[in-house]
Amino acid sequence: MITILGISGSPVKESNTAMLLREALKGVEQDDVKIDIFDIQGKRIEDCRQCNWCMARQDEKNFCAVKDDMEELFPKVVAADALMVASPVYLARMSGRLASVLDRIRCIHYGKHYAGGMKHKVGAGIAVSWYRNSGIETTLTSIHWAFLT
């Protein structure tokens with residue numbers, strides 16, 4: 001069974017970003033593919049503090065020193081074989097909320113217990129904009145670089 005996790009990076013309820021992500025994930029639905037979606041809308045997600053707690057004290061159940069709604073997402077990321085990340089484009093980059101999510105996922109790659117946890121996961125990006133030349137390419141580039149890191 002292959003698990004694909006979709007992350008909608010829009011803070012807007014029933015956003016175009018969330019709708020497009022759901023439609024994109026329909027394209028990969030098969031009997032041997034499990035789809036899971038995490039929508040940041042309505043979630044309390046704090047920034048990474050760069051405290052490196054995860055590198056020294058992380059254990060199987062405690063991913064990060066910051067306790068917020070990312071605790072729901074961390075196990076989903078660990079279980080996923082692939083991530084499809086969707087962001088609205090406000091000003092030539094991914095949404096700030098999505099940037100916070102991706103920054104916090106660092107604990108799954110650099111943390112004491114989950115070290116290397118992002119290695120070999122497949123990543124895909126979606127950028128949603130309401131006008132031309134708003135920064136779709138740079139948004140996708142920032143998501144791409146997050147996966148490469």
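Figures for the structure shown
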{"item": "Top-ranked residue in region 27-47 [being modelled with pLDDT under 95 and open to solvent by 100 Å² or more (accessible area, probe 1.4 Å); ranked as nearest to the chain's Cα centre (by Cα)]", "result": "GLU29"}
{"item": "Total residues in region 59-83, condition free of Cβ contacts under 8 Å to residues at least 12 places away in the same chain and part of a loop (DSSP other than H, G, I, E, B)", "result": "3"}
{"item": "Candidates ALA124, ALA86, ALA56, ALA115, filtered to the one that is part of a loop (DSSP other than H, G, I, E, B) and of a type in the set (A, V, I, L, M)", "result": "ALA115"}
{"item": "Hits in region 103-112 - residues which are open to solvent by 40 Å² or more (accessible area, probe 1.4 Å) and assigned to a loop (DSSP other than H, G, I, E, B)", "result": "LYS112"}
{"item": "Residues that are open to solvent by less than 60 Å² (accessible area, probe 1.4 Å) and either touching a strand residue (DSSP E or B) at 6+ places or on another chain (Cβ under 6 Å) or charged (D, E, K, R) (or both), drawn from region 54-65", "result": "none"}
{"item": "Residue among SER100, SER142 that alone is out of contact with any Lys or Arg (no Cβ under 9 Å at 6 or more places or on another chain), in a helix (DSSP H, G or I), open to solvent by less than 40 Å² (accessible area, probe 1.4 Å) and of a type outside the set (A, V, I, L, M, F, W, C)", "result": "SER100"}
{"item": "Filter pass, ALA127 being at pLDDT below 95 and not charged (D, E, K, R)", "result": "no"}
{"item": "Residues (farther than 17 Å from LEU148 by Cα and of a type outside the set (A, V, I, L, M)) located in region 68-86", "result": "ASP68, ASP69, GLU71, GLU72, PHE74, PRO75, LYS76"}
{"item": "Region 113-139 - residue that is basic (Lys, Arg) and within 24 Å of CYS64 (Cβ to Cβ) and, of those, least open to solvent (accessible area, probe 1.4 Å)", "result": "LYS121"}
{"item": "Matching residues, region 1-26, being open to solvent by less than 60 Å² (accessible area, probe 1.4 Å) and either under 16 Å from SER95 (Cβ atoms) or at pLDDT below 95 (or both)", "result": "GLY6, ILE7, SER8, GLY9, SER10, PRO11, SER15, THR17, ALA18, LEU21"}
{"item": "Answer residue from region 66-97, given it is farther than 17 Å from MET55 by Cα and among the basic types (Lys, Arg) and is most open to solvent (accessible area, probe 1.4 Å) among those", "result": "ARG93"}
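The values are calculated or read from the model by the stated rules, or taken from the named source; none is laboratory data. All of these numbers come straight from a predicted model, not from anything done at the bench. Neighbour counts are summed over all protein chains in view; Cβ atoms, including those assigned to glycine, are modelled from backbone coordinates with ideal geometry. Surface accessibility is based on the protein's heavy atoms, side chains included, excluding ligands, DNA and RNA. Shrake-Rupley method; radii C 1.70, N 1.55, O 1.52, S 1.80 Å.
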